[in-house]
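This report refers to the structure that appears directly beneath it.
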Amino acid sequence: MIVMEINEEILWSVKRDAIRALIEAGKRSDNREWNQFRAIELAPDFVRKAEGSCFIKLGNTQVLVGVKFAVGVPYPDTPESGTLMTSAELVPIASPIFRAGPPDEDSIELARVVDRGIRESKMIDFDALCITPKEEVWSVMVDLHVLDHDGNLLDAASIAAVRALLDARFPKYEDKKVIYTEKTKKKLPLKDVPVSSTFAKVGSALLLDPLLEEEKAMDARVTIATTHEGNICAIQKGGSGSFTLEECEKLASEAIKAGKEIRKQHLK
């Protein structure tokens, strides 16, 4: 596995200069505009045994998201609110650089970015998930499974997670027991539909929805999550490079625009 990772990095180091030259010439290998997402294909309710699920294909990047509900004890500082937990799994079949085992930095960042967009947008009305104050609340668990990595896992996982939450239905709950074999018609109490848009910076070029090859050549990355009202609710910066104030303003405007379009087409 270590030898494979080394070979992979050598390959990318050889290709990086050519990729950067193409981008700095104003071109992308898939002929997209700089502010254009790849084609998005969603398959909601992909896993029937889950309370909610969605398979997404963003270009050649593929992610499966599952949503499960459980009844648990609320946190002491929010005794009348439900909880949210997001986890990510990067399996070796999705990329040569992924390893089986405990979560690494990449999987932790993926889970946190998706979680933050949902949480900070106030998408879920957590107070409405309270069953008995201080004793019982619904817990929402979002599991992200990366199946094929060809760039921009952050947006792919976020869009699929939001779609899965929109469609999720509660299981039956009676006599202090959750009956997972019986789904009700009750859906999550939702107040917003967040959408994240990730941009890579390669030299002076800015690229929405970067391919894996563009991520390998980038200097910096920023993910901007927006609400349905066009407000920014979360930002995640990656890479060692930086963005100017003017670039940040430009990308914020593009993220709001992209969010509106994705909601219109895929997250109704």
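The values are calculated or read from the model by the stated rules, or taken from the named source; none is laboratory data. Note that the structure is a prediction, hence the values are computed from the model and not measured. Cβ atoms come from the backbone with ideal geometry, glycine included; neighbour counts cover every protein chain shown.
A few points about this structure:
- Selection of strands (runs of 3 or more DSSP E) fully inside segment 176-261 by the criterion of at least 3 residues being charged (D, E, K, R) and surrounded by fewer than 16 Cβ atoms within 10 Å (Cβ to Cβ) returns 177-187.
- Scope segment 210-227; condition touching a helix residue (DSSP H, G or I) at 6+ places or on another chain (Cβ under 6 Å) and closer than 29 Å to L190 by Cβ; matching residues: T223, I224, A225, T226
- Checked against (1) basic (K, R); (2) farther than 23 Å from C54 by Cα; (3) loosely packed, with under 14 Cβ neighbours inside 10 Å, K268 passes all but condition (2).
- Single residue of A205, A168 found to be small (G, A, S) and under 20 Å from V137 (Cβ atoms): A168
- Among the residues examined, V146 qualifies as touching a Phe, Trp or Tyr at 6+ places or on another chain (Cβ under 9 Å) and crowded, with 23+ Cβ neighbours inside 10 Å.
- Elements of the type strands (runs of 3 or more DSSP E) sitting completely within segment 17-99 and holding at least 2 residues that are at pLDDT below 95, touching a Lys or Arg at 6+ places or on another chain (Cβ under 7 Å) and crowded, with 18+ Cβ neighbours inside 10 Å: there are none.
- Among residues of segment 218-242, those that are at negative phi and out of contact with any Pro (no Cβ under 9 Å at 6 or more places or on another chain), counted: 15
- Evaluation of V65 against the conditions (1) closer than 23 Å to G230 by Cα; (2) within 11 Å of the chain's Cα centre (by Cα) shows that the sole unmet condition is (1).
- Test result for A161, closer than 18 Å to Q236 by Cα, surrounded by 14 or more Cβ atoms within 10 Å (Cβ to Cβ), modelled with pLDDT of 95 or more and touching a strand residue (DSSP E or B) at 6+ places or on another chain (Cβ under 7 Å): yes
- Verdict on F126 being within 19 Å of A164 (Cα to Cα), without any contact (Cβ under 8 Å) to a residue 24 or more places away in the chain and surrounded by 15 or more Cβ atoms within 10 Å (Cβ to Cβ): no
- Selection count, segment 219-247, where residues are over 17 Å from Q36 (Cα atoms) and either in contact (Cβ under 8 Å) with a residue 60 or more places away in the chain or not polar (S, T, N, Q) (or both): 18
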